[in-house]
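**Q** Mind looking over this structure? Questions follow.
Coordinate-derived values only; no laboratory data. Please read all numbers here as calculations on a predicted model, not as lab measurements. In this analysis, Cβ positions are derived from the backbone assuming ideal geometry, glycine residues included, and neighbour counts consider all displayed protein chains.
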Amino acid sequence: MATHQPLPNQPAPVTQRGVIRWLRANLFSSWINGLVTLVVGYYLLTMLIPLIDWAFIGAVFTGDGVDACRPGKACWIFVEERFGFFMYGFYPEALRWRPTLAFALFALAVVPPFLPLPGRLRRSVAIFGLTGLPVGGYILIAGGVFGLESVDTSQWGGLMLTLILAYVGIIAALPIGVALALGRRSEMPVIRGICVIFIEFWRAVPLITILFMASVMLPLFLPEGVTFDKLMRALIGITLFQAAYMAEVVRGGLQAIPKGQYEAAEALGLGYWRRMRLIILPQALKIVVPGIANTVISLFKDTTLVLIIGLFDLLGAVKSTLSDPAWNNVMAEGYLFVAFCFWVFCFGMSRYSHRIEKQLDTDHRQ
Amino acid sequence: MENNGTSFEAEALTTPVESAASDESIIQVNDLNKWFGDFHVLNSINLDVQKGERIVICGPSGSGKSTLIRCLNHLEAHQRGQIVIDGVELNEDVKNIEAIRREVGMVFQQFNLFPHLSVLENCLLAPVWVRKTPRREAIEMAMHYLERVRIPEQADKYPGQLSGGQQQRVAIARALCMQPKIMLFDEPTSALDPEMIKEVLDVMVELASSGMTMLCVTHEMGFAKTVADRVIFMDGGQIVEAAPPRDFFTRPEQPRTRDFLEQILQH
Ligand SMILES: Nc1ncnc2c1ncn2[C@@H]1O[C@H](COP(=O)(O)OP(=O)(O)O)[C@@H](O)[C@H]1O
Ligand SMILES: [Mg+2]
């Protein structure tokens, strides 16, 4: 019998590429698919061309006032002139550099996962983003100390307010949510019971109801003379609501960690909090990054509900200008602008979460 | 005992390792009983282990082997009886449990390495967080043990990048980094491909010859013959027979043991 001779490795076959091939495979793989492609393509074009004409080609971007606009085409001058109000609400114009600076800092704290920085630096920036930034940002925007002129929260508005609501809602809800999730899996019945009741209560009530309760009912229970900032009340409501959702997302991650991980950590002599912090949570949170991103994006959009308790977030600010008789019918432009802003941020968050997922991916399976 | 890799490996599974057992008892298990619901999984277990003694536990699946050794570091709580390890009684007192876990290392069938930490970081956890060893010192020690299990070059990789045999050796190094007095092994080679079993057994034999007190649940009878001071056969939650390997394999007293040996040694 001949001795076995190992064959040399061969290169993998080249996958066939090319535009024509792609078209044939994806759009025209059979005559019926081809027909559907053509019909759908036709209708898309007949709808898209007028839209593009309205929004871009025929639209007016610069000019002076309503007279510069063309009937039947988008009038972006409206958005341009009211841009400051849409961004900052009634925040005094001279002081708007303060929120701008706060958000610039925020952007800096958000960027590091995209940079090839050493782990330790990246971690300290993340910790700053979770602790120093909210405090510093609040001082900058609210003022009242360090010689900064105080700006009442009733003057906060526009995109700035939307971002504040979402940011605080997320930053504050995440630790509360993690604590609730751990509590719900606790072996101590009292703690577990409290967490279950809390989560199920807040999850079962629509956010709009919570906001109403926070703005209308809460003051009834507070002692005479104690007033509680309206924005603060909304923030607390949003945070607790969001925390309940976050808790369930995190709990899903905790449950996905194999029992062996808990046991190995125990066998090493690590106490409960170290087991959670060093072994379980890093893995669980990594698993639920998409879920967290999901609730965060959904919260970001839900912040528009503060409109009903009289806070002027981006949508509220834009909406309040639409009835201005000086501008005839800029409804579409206004709402489109709001939609565009929301899309930019939500899409950004989505990409950001993907990026973080990749960053955390050390589970290289062979 | 110092050893140098190659010559030792060749002989490892044929020459019995000299016993290091002293007559100082380190584990005492008295009348240990445990139930899962109504199921009596451990029934009146009595076991005394000497310092440096190597014990192999075997028996059919479901006989309570894992449960027994998991009781020893309180991964499972027992309901009756007494477990004393290195002078500390194991009860619901968290302080005692943590004290005992510091002295007892455990290696699992499924490795249970932490996938989000590199091999080195896996090994650093216990020394740094439990023993409070300065990081620099802990790294030195971790590298020492990784060398001892013969994979120092994998220190910066993640568990998912290693083969099963390598992962299990890291798991052994991770447990050793605690500098435990006792090592528990729960079927450490059962999840491995045949080609990798030997590399793990070699490490375990080396560990045995260094005087570590070991309790191994395993069906590697070659290993039992080589290193065990005592082989324990369990069935139905009870210890049926406990004897030095020579007696255990050549003239078992209990018919139940004989049946079992016939079954596993047949092929
Ligand atoms: N957490 C548990 N709950 C209920 N029954 C269990 C549990 N763990 C093990 N058992 C049962 O206890 C018996 C002994 O299990 P185990 O100690 O794992 O056996 P072995 O390791 O000898 O195969 C088995 O019948 C098993 O089904
Ligand atoms: Mg078992």
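**Q** Using the Kyte-Doolittle scale, find the helices of chain A whose mean hydropathy is at least 1.0 and whose Cα atoms extend 20 Å or more along the helix's long axis, counting only whole DSSP H runs.
**A** Counting only whole DSSP H runs, the qualifying helices are A:31-52, A:158-184, A:189-204.
**Q** So, one more: Applying 1/(1 + (r/R0)^6) with R0 = 56 Å to the Cβ-Cβ distance of B:Ser163 and A:Leu121, what FRET efficiency is obtained, to the nearest 0.05?
**A** 0.95
**Q** Would you mind computing, in nm to one decimal, how far apart the modelled labels at A:Leu38 and A:Asp53 are, each placed 7 Å from Cα along Cα→Cβ?
**A** Roughly 2.5 nm, to one decimal.
**Q** For the stretch A:163-215 and the stretch B:102-144, what is the separation of their C-alpha centers, rounded to whole Å?
**A** For the stretch A:163-215 versus the stretch B:102-144, the Cα centre distance is 35 Å.
**Q** Now for a different question. Here are some pairs, A:Lys259/B:Lys157; A:Lys286/B:Lys51; B:Lys132/B:Lys225; which of them have Cα atoms lying more than 32 Å apart in this structure? Provide the component values of the computation, followed by the final result.
**A** Values: A:Lys259/B:Lys157 23 Å; A:Lys286/B:Lys51 43 Å; B:Lys132/B:Lys225 38 Å.
Flagged as over cut-off: A:Lys286/B:Lys51; B:Lys132/B:Lys225.
**Q** Now, a different point. Could you work out the local net charge near A:Ala234, counting Lys and Arg as +1, Asp and Glu as -1, over the other residues with Cβ closer than 12 Å to its Cβ? Can you show the working numbers first?
**A** On the way: positive: A:Lys230, A:Arg233; negative: A:Asp229, A:Asp302, A:Asp313.
Net local charge, A:Ala234 excluded: -1.
**Q** Also: Taking each residue of A:257-266 in turn, how many C-beta atoms of other protein chains fall within 10 Å of its C-beta, and what is the average?
**A** Mean inter-chain Cβ contacts per residue within 10 Å come to 5.
**Q** Starting from the Cα gyration tensor of the stretch B:216-267, take the square roots of the eigenvalues, sort them a ≥ b ≥ c, and report rounded, prolate or oblate (rounded when a/c is under 1.5, otherwise prolate if a/b is larger than b/c, else oblate).
**A** It is rounded, given that a/c, with a ≥ b ≥ c, falls under 1.5.
**Q** What is the spin-label model distance, in nm, from A:Leu108 to A:Arg185 if the labels are put 7 Å beyond Cα along the C-beta direction?
**A** Placing both labels 7 Å along Cα→Cβ, they lie 3.7 nm apart.
**Q** Now for a different question. If you build a Gaussian network model of chain A, linking Cα atoms that sit under 10 Å apart, which residue out of A:Ala264, A:Ala339, A:Ala214 swings the most?
**A** Top of the fluctuation ranking is A:Ala264.
**Q** Where a ≥ b ≥ c are the square roots of the eigenvalues of the C-alpha gyration tensor, would you call the stretch A:1-150 rounded, which needs a/c under 1.5, or, failing that, prolate if a/b is larger than b/c, or oblate?
**A** oblate
**Q** Let me ask something additional. Shape verdict for the protein assembly as shown, please, from the Cα gyration tensor: rounded (a/c under 1.5), prolate (a/b greater than b/c) or oblate. Show your work: numbers first, answer last.
**A** Details: a/c = 2.84, a/b = 1.97, b/c = 1.44.
Note, shape of the protein assembly as shown comes out prolate.
**Q** Moving on to the next point. Mean separation of Cα pairs under 8 Å and 6+ residues apart, divided by the residue count of the stretch B:88-177: what relative contact order is that in percent?
**A** Working: 92 pairs, mean separation 33.7, N = 90.
With pairs under 8 Å counted, the relative contact order is 37 percent.
**Q** How far, in nm, would the chain grow between A:Ala339 and A:Val196 when pulled straight, counting 0.36 nm per residue and subtracting the alpha carbon separation?
**A** Taking 0.36 nm per residue and subtracting the Cα distance, the gain is 47.9 nm.
**Q** Just A:Thr321, A:Thr162, A:Thr303 to compare: in a GNM of chain A, with alpha carbon springs under 10 Å, which one fluctuates most?
**A** Looking only at A:Thr321, A:Thr162, A:Thr303, the biggest GNM fluctuation is shown by A:Thr321.
**Q** Hey, in the GNM for chain A with a 10 angstrom Cα cutoff, which one of A:Gly269, A:Gly143, A:Gly63 fluctuates hardest?
**A** So, out of A:Gly269, A:Gly143, A:Gly63, the one fluctuating most is A:Gly269.
**Q** So what is the 222 nm mean residue ellipticity for chain A from helices alone, if each DSSP H run of at least 4 adds -39500 (n - 2.57) and you divide by all residues, rounding to the nearest 500 deg cm²/dmol?
**A** Numbers: 17 runs with 227 residues, N = 366.
Value at 222 nm, helices only, nearest 500: -20000 deg cm²/dmol.
**Q** Still on this model: Under the 0.36 nm per residue contour assumption, what length would be gained going from the current alpha-carbon distance of A:Arg96 and A:Gln5 to full extension?
**A** The A:Arg96-A:Gln5 span can extend by a further 25.1 nm.
**Q** Percent relative contact order of the stretch A:229-366, based on C-alpha pairs within less than 8 angstrom and at least six residues apart? Don't skip to the end; give the middle numbers.
**A** Details: 72 pairs, mean separation 32.9, N = 138.
Computed over the stretch A:229-366, the figure is 24 percent.
**Q** Distance between Cα centroids, the stretch B:180-194 to the stretch B:216-234: provide it in whole Å.
**A** Cα centroid to Cα centroid, the span is 12 Å.
**Q** Can you list which of the GluC sites (Glu not before Pro) found in the stretch B:92-182 are DSSP loop residues with at most 11 other C-beta atoms within 10 Å?
**A** Counting only loop positions with at most 11 other Cβ atoms within 10 Å, the GluC sites (Glu not before Pro) in the stretch B:92-182 are B:Glu92.
**Q** Okay, moving on. Need the list of lysines near A:Lys319 for cross-linking: C-alpha distance under 17 angstrom, and skip anything on the same chain fewer than eight residues off.
**A** A:Lys301
**Q** Within the set of other residues whose C-beta is less than 12 Å from the C-beta of A:Glu248, count the net charge using Lys and Arg as +1 and Asp and Glu as -1.
**A** +3
**Q** Let me ask something else about it. Only helical DSSP H runs with n ≥ 4 go in: add -39500 (n - 2.57) per run for chain B, normalise by residue count and round the 222 nm mean residue ellipticity to 500 deg cm²/dmol.
**A** So the helix-based figure for chain B works out to -11000 deg cm²/dmol.
**Q** Further question on the same structure: Using a 10 angstrom Cβ neighbour count of at most 13 plus a DSSP loop assignment to flag exposed GluC sites (Glu not before Pro), which longest range of chain A is free of such sites? Present the calculation step by step, with values, prior to reporting the outcome.
**A** On the way: sites that count: A:Glu149, A:Glu187, A:Glu224.
Result for the longest clean stretch: A:1-148.
**Q** For chain A, list the cysteines whose Cβ sits under 4.7 Å from no other cysteine Cβ?
**A** Singleton cysteines: A:Cys195, A:Cys341, A:Cys346.
**Q** Turning to a different aspect of this structure: Using alpha-carbon positions, what is the distance between the centroids of the stretch A:29-76 and the stretch A:295-354, in Å?
**A** 22
**Q** Further question: Quote to one decimal, in nm, the extra length available between A:Asn294 and A:His354 on full extension: 0.36 nm per residue of separation minus the C-alpha distance between them.
**A** Length difference between fully extended and current span is 20.5 nm.
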